[in-house]
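Reviewing the structure listed below.
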Ligand SMILES: [Zn+2]
């Protein structure tokens, strides 16, 4: 059994652990909030994977992904080194690696799905940053608003702040 119980969480969700590991993970889940949250996230991802929309990858995808995997540097699996909160991400990667190893022929689809989830997260983060920037400008003490009626009937409002050097 792995020395790092946390890395088994992904495999546990996909029922890719043996009885001893399952018992160990379930015992661990009773005392680790972080891993319980992770189980929820993995279940969500797994249920999205089970969605019919993802079950039929285009022909050749598996070969091209596996070819890319062969020439792509892999993320090292970090074992031990706990207390800090940072390793959370690498535990995710370790768990992802465990799931990929367990998934066998489903590997290519899973790798693509992982990338999709990461991309969506990046898009969401970018949108959040932009919204925060807009709110910051609107809340700035020196915010200036300018309205302009367009020839076709529309209206544009520009807000800018010298203090924030942004608009
Ligand atoms: Zn844990």
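The values are calculated or read from the model by the stated rules, or taken from the named source; none is laboratory data. In this text the structure is predicted, and so the values were computed from the model without any measurement. All Cβ positions, glycine included, derive from the backbone under ideal geometry; neighbour counts span all protein chains shown.
Tabulated values for the structure
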| item | result |
| --- | --- |
| Hits in region 130-167 (condition: in contact with a strand residue (DSSP E or B) (Cβ under 7 Å, 6 or more places away or on another chain), in a loop (DSSP other than H, G, I, E, B) and surrounded by 13 or more Cβ atoms within 10 Å (Cβ to Cβ)) | 140, 143, 167 |
| Lone qualifier among 80, 108, 97, 103 - being modelled with pLDDT under 80, in contact with a helix residue (DSSP H, G or I) (Cβ under 7 Å, 6 or more places away or on another chain) and within 19 Å of residue 38 (Cβ to Cβ) | 103 |
| Helices (runs of 4 or more DSSP H) wholly inside region 1-65 containing at least 2 residues that are more than 10 Å from the ligand (Cβ to nearest atom) and at pLDDT below 85 | 33-50 |
